[in-house]
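Engineer: Please see the structure below; I have some questions.
The values are calculated or read from the model by the stated rules, or taken from the named source; none is laboratory data. The model shown is predicted, which means the values in this text are computed figures rather than measured ones. When we count neighbours, we look across all protein chains shown, and the Cβ atoms used for this are built from the backbone with ideal geometry, even at glycine. These accessible areas exclude ligands, DNA and RNA; they are computed on the full protein's heavy atoms, side chains included. Shrake-Rupley method; radii C 1.70, N 1.55, O 1.52, S 1.80 Å.
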Amino acid sequence: MRKGICNPRLLEKLLEESGHSAKELSDATEIPIATIRGYLNGKRDAISTRNMFLFAQFFQMPMPELVDYFADVGNIDKK
């Protein structure tokens with residue numbers, strides 16, 4: 001299974017900017033809240049392709065844009 005990287009601060013920023021909570025993300029994507037919290041607290045640093053796809057749908061972003069967002073370390077300081 002392919003995986004993408006997850007930066008907890010960037011995921012938190014996406015949630016904040018969208019006005020949604022981790023619970024709402026979990027409910028909408030059917031990704032367990034424990035998994036979402038793992039991404040947010042840095043205990044899970046890789047996102048499965050499936051979950052990345054679900055995040056892209058939730059945040060209404062093209063998946064390549066979301067992957068690039070998480071991969072761009074420069075975003076940490078800019079956002």
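Engineer: Taking the stretch 22-48 on its own, how many of its residues are outside any helix (DSSP H, G or I), surrounded by 13 or more Cβ atoms within 10 Å (Cβ to Cβ) and not charged (D, E, K, R)?
Structural biologist: Total satisfying the criteria: 4.
Engineer: Something else now. Checking L11 against (1) open to solvent by 10 Å² or more (accessible area, probe 1.4 Å); (2) within 15 Å of Y69 (Cα to Cα), which single condition isn't satisfied?
Structural biologist: Of the numbered conditions (1) open to solvent by 10 Å² or more (accessible area, probe 1.4 Å); (2) within 15 Å of Y69 (Cα to Cα), the odd one out for L11 is (1).
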